[in-house]
1. Could you check how many residues of segment 533-563 are part of a strand (DSSP E or B) and either more than 14 Å from Ile490 (Cβ to Cβ) or not assigned by TED's automatic domain parsing to the domain that holds Lys342 (or both)?
2. Would segment 352-362 turn up any residue that is under 17 Å from the mean Cα position of the chain (by Cα), surrounded by fewer than 17 Cβ atoms within 10 Å (Cβ to Cβ), assigned to a loop (DSSP other than H, G, I, E, B) and without any contact (Cβ under 8 Å) to a residue 40 or more places away in the chain?
3. Taking into account only those residues within segment 301-321 that are of a type outside the set (A, V, I, L, M) and in contact with a Leu (Cβ under 8 Å, 6 or more places away or on another chain), which is surrounded by the fewest Cβ atoms within 10 Å (Cβ to Cβ)?
4. Here is a check on your reading of the model: is Asn211 of a type in the set (S, T, N, Q) and part of a helix (DSSP H, G or I)?
5. Which ones in segment 334-351 are within 22 Å of Leu101 (Cα to Cα) and either surrounded by 15 or more Cβ atoms within 10 Å (Cβ to Cβ) or of a type in the set (Ser, Thr, Tyr) (or both)?
6. Would you mention how many residues in segment 179-232 are farther than 21 Å from Phe109 by Cβ, surrounded by fewer than 16 Cβ atoms within 10 Å (Cβ to Cβ) and hydroxyl-bearing (Ser, Thr, Tyr)?
7. Checking the conditions here, which among Glu105, Glu30, Glu53 is acidic (Asp, Glu) and either loosely packed, with under 15 Cβ neighbours inside 10 Å or touching a Lys or Arg at 6+ places or on another chain (Cβ under 6 Å) (or both)?
8. Could you please find all residues in segment 300-316 being touching a residue at least 24 places away in the same chain (Cβ under 8 Å) and not aliphatic (A, V, I, L, M)?
Amino acid sequence: MFKLLKNLGKKEAILALVCVVLIVGQVWLELKMPDYMSEITVLVQSENSEMSEILKNGAYMIGCALGSLISAFIVGYLVAMISANFSMKVRKKLFNKVGNLAMSEIKQFSTSSLITRTTNDITQLQMFVAMGLQISVKAPIMAVWAITKILNKSWQWTAITAVGIVLLLSTIAVLVAIVIPRFKIVQKLIDKINGVTRENLTGIRVVRAFNAEKYQEDKFEEVNTKLTNTQLFNQKAFAILSPVMFLVMYFLTLSIYFVGAFLIKDAMMVEKLTLFGNMVVFSSYAMQVIISFLMLAMIFMMLPRAQVSAERINEVLDADITIKDGKMNKDKSKERGTVEFKNVSFKYPDADEYLLKNISFKAEKGQTIAFIGSTGSGKSTLINLVPRFYDATEGEVLVDGINVKEYTQELLHNKIGYVPQKAVIFNDTVTNNVTYGDNGKGKITGKKVKEAIEVAQAKEFVEKMDDKYDTHIAQGGTNISGGQKQRLSIARAIARNPEIYIFDDSFSALDYKTDAVLRKELKKYTKDATSLIVAQRIGTIINSDKIIVLENGECVGEGTHRELLKNCEVYKQIALSQLSKEELENAE
């Protein structure tokens, strides 16, 4: 918790100091009111008292109340500002950290959990800061100040107050001990709720197509019921505090007056009036002490959940970033557009077996290198090592003759145009989707956007849209087809004008005709760039300069289409499963 509070800046620290000063003033004003009340009580009982004196003390009481109100209003405003700025800074820091995490690290936390940590957990901290800053300062000051004012009044009344405080604190301690473990469960269940909801929304078509609505409802109901029951238990546990609080307050007041009655009865006539005034003042201060501890109880109620949230946020912020930037932020390489793997092997951090084993090849500028193999052979993983979505476990991956680990990620990524297997479309216009990100070469012009869309064979459907290039695309591209999303994704890579293109099975969503035309136009447009293509279709890679065949993470064949038909049985079997022998022999 305190580690996160370091995110409060100098401005927030100054505002917090102002709040402390105002709270001290507020406490002083509130604790002065019983003194005036005592004075009024004595004046009312005295025969020679004047009405003007009573009114004057009454006016002082009203002034104290108004001063306390104004102070509370200003403190509330400043604290809201502090907590909002604090949550903004933590949320930004967390978002940036998640953006820098490697793919393997993101999978450790899960997407739904990261969303919860960025939203719900930070909200818990914001609420705690907003309430805690006021209460944690006000309650101890008020308690100590009030206690010092009543210590010398009567040891009997002091003992009664002490018993009330002990009962209250004991109840709070027991409740906190019971509830804290369940707050951890609550946050994990919120993760699960987010996960099930996200899964249901992203897979809504499949859910409906298979009449699985009831199944999804049952999954949600199971998690929702667990969350509800856990929250109900927590709230019921804390609900015990309210009746205990009122019992302590009312019995304390009753006990003070009960004991006071005996003290006044046995006192001399001269002392009776003083004792009565002391009793009124003591009961008021005793209530202030109890209220102070009740305010602290509110902190104890909020602290466990805030602490759990802080731990979850710190888990992400303290996570080691395995993919670290190199020192090379300016392009000093002599080569252009080359990609080389030198004895590269790779396995996931928690895996026992290698997914890729001893892969070596070199792609020269202008060449098209294709990768093919059965599902799970490691094709996508291999090309994901180039942009450093993962780092090679053994061996080296070189871009333009330099190890990718030596580049800053920004410089490395500006050399690459990446098209993922699953097209990612953002909630924005067609143009903004194509010009997405920073390419390190300045702004992408409208002419370049149209050119990229035309090469990607997306011009026809884009210009039929209502607003053409300014047409808004829904999040995830839900208002366009899969093939249209893929073509816009390809256009995004083309618009960057990179040295190296990476196509991770990016043509599978296209029909054969569009695929063929797009590759033909792309070949013309990218003749000076290197292309790395992962594909399942033989037709997509048949004209590649070099085809690398993967099987169980190993390179079992390397060469042109015709060479592999003769020398690689695995490639031959894949080819014959898609095309006839005659089509393969006549393929160009």
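1. 12
2. no
3. Asn314
4. So Asn211 does not fit the description; no.
5. Ser345, Phe346, Lys347, Tyr348
6. Total satisfying the criteria: 3.
7. Glu53
8. Of everything in segment 300-316, those that are touching a residue at least 24 places away in the same chain (Cβ under 8 Å) and not aliphatic (A, V, I, L, M) turn out to be Phe300, Pro304, Arg305, Gln307, Ser309, Arg312, Asn314, Glu315.
The values are calculated or read from the model by the stated rules, or taken from the named source; none is laboratory data. Bear in mind the structure is a predicted one, so any value in this text is a computation, not a measurement. Glycine also receives a Cβ, built like all others from the backbone with ideal geometry; neighbour counts cover every protein chain displayed.
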